[in-house]
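The values are calculated or read from the model by the stated rules, or taken from the named source; none is laboratory data. Given the structure is predicted, the values throughout are model-derived calculations rather than measurements. Glycine gets a Cβ as well: all are built from the backbone with ideal geometry, and neighbour counts include every protein chain shown. The area values use the complete protein model at the heavy-atom level, side chains included, leaving out ligands, DNA and RNA. Shrake-Rupley method; radii C 1.70, N 1.55, O 1.52, S 1.80 Å.
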Amino acid sequence: MAADLRVSFAGIELKNPVIAASGTFGYGLEFEDVVHLDRLGGFVVKGLSREPIIGNPPPRLYETAAGMLNSIGLQNVGARAFVDEKLPKLREIRNIVVIANVFGYTREDYEHTIQILNEGEGIAAYELNVSCPNTQHGGIQFGSDPRTLDEVVTTAKRFSQRPLIVKLSPNVTSIGQMAHVAQESGADAISLVNTFVAMSIDVETRRPRIANVTAGLSGPAIKPIAVRMVYEASKSVQIPVIGLGGISTAADVIEFMLAGASAVQVGTSSFWDPRATEKIVSELERWCAAHEIVRIAELTGAMMA
């Protein structure tokens, strides 16, 4: 008998816990020819902003030991173009769960972006990226300051007509505190972790390998830290937690769930194998059968001390 892979969070039911992460899966449509989108639990589209953004200058990607640096600069078509051009095509695909990632540089940006997305049909939830510079507060990041995090989540919740997932930055002193702030400000779920601030230098040229100098580190190298942060965050909140950071196998998925995650997101793996998400779903089915797991949802928070 096949295991029941269904999981749910914030009133959204997924057929399995594997979600393709934002920034690694385009708008979903780009993967339609290589991945059966209806096999995934869901996918999060590229971060959407109030206006289109062209992103950072190259080079903006660099492979590291067991990971990757990226400084794309949140390049995207803008919320209006997504609603008018991308979303209608996504609605033609049956049995998929689409989550829209939202970001801004000010609270007003978040407000207006969400209002535009509210007009679109077929979006299951919003994932709030709170790791962008807040220009109104001298460059402080929303995701690393409790007060500004509270402000932006409260604003987003006020205007959102859909469940709100807050994607937390790992570049903080206490992930538990930030998770609790997100919950108290109205988040319906949290996802973590986003990338770690990092950099690399070419010793021959003595120049940064990334044009923007610093970048976000992702991939298997960050997984143990991400698992620890998911564990700590899950102990600090009552809302569901979505775990991400270096997932490339079914065992990785199970590890995050045991640490407290209700679902997971797969990101960097899609860069070296565009079919990684679907393969992990198939591997997860086999893993559960081999370990006689009846309902995968029961593994959430089931780590034995």
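Here is how the numbers come out for the structure above:
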quantity	calculated
Residues of the chain: accessible area per residue with a 1.4 Å probe, Å²	44
Surface share of carbon and sulfur [accessible, 1.4 angstrom probe, percent] for the range 243-305	57
Label-point separation, Leu61 to Ala290 (7 Å along Cα→Cβ), nm	3.0
The range 1-66 - Kirkwood radius from inverse mean 1/r over Cα pairs (Å)	14.6
Span from the the range 240-295 Cα centroid across to the the range 136-187 one, whole angstrom	26
GNM top mover of Gly143, Gly41, Gly186 - the chain, alpha-carbon springs below 10 Å	Gly186
Neighbourhood net charge (11 Å Cβ-Cβ; Lys/Arg +1, Asp/Glu -1) for Gln265	0
Residue with peak Gaussian network fluctuation, the chain [Cα springs, cutoff 10 Å], from Ile19, Ile123, Ile247	Ile123
Reciprocal of mean inverse Cα separation for the range 82-180 (Kirkwood radius, Å)	14.1
Theoretical ellipticity at 222 nm over the chain - DSSP helices of four or more residues, -39500 (n - 2.57) apiece, nearest 500	-8000 deg cm²/dmol
Cross-link pairs Lys46/Lys86; Lys223/Lys279; Lys15/Lys235; Lys89/Lys167; Lys157/Lys223; Lys86/Lys279 - those with Cα-Cα distance over 22 Å	Lys15/Lys235; Lys89/Lys167; Lys157/Lys223; Lys86/Lys279
Quarter of the Cα convex hull surface for the range 176-288, i.e. its orientation-mean projected area (nm²)	8.7
Choice from Val193, Val83, Val230 showing the highest fluctuation, given a GNM over the chain with Cα pairs closer than 10 Å	Val83
Largest to smallest principal axis extent of the C-alpha atoms in the chain, angstrom	55, 50, 41
Shape parameters for the range 1-111, alpha-carbon atoms, Rg then Dmax in Å	15.8, 52
³J(HN,Hα) computed for each position of the range 174-182 - Karplus, 6.51 cos²θ - 1.76 cosθ + 1.60, integer Hz, glycine/proline x	10, 5, x, 5, 5, 4, 5, 4, 4
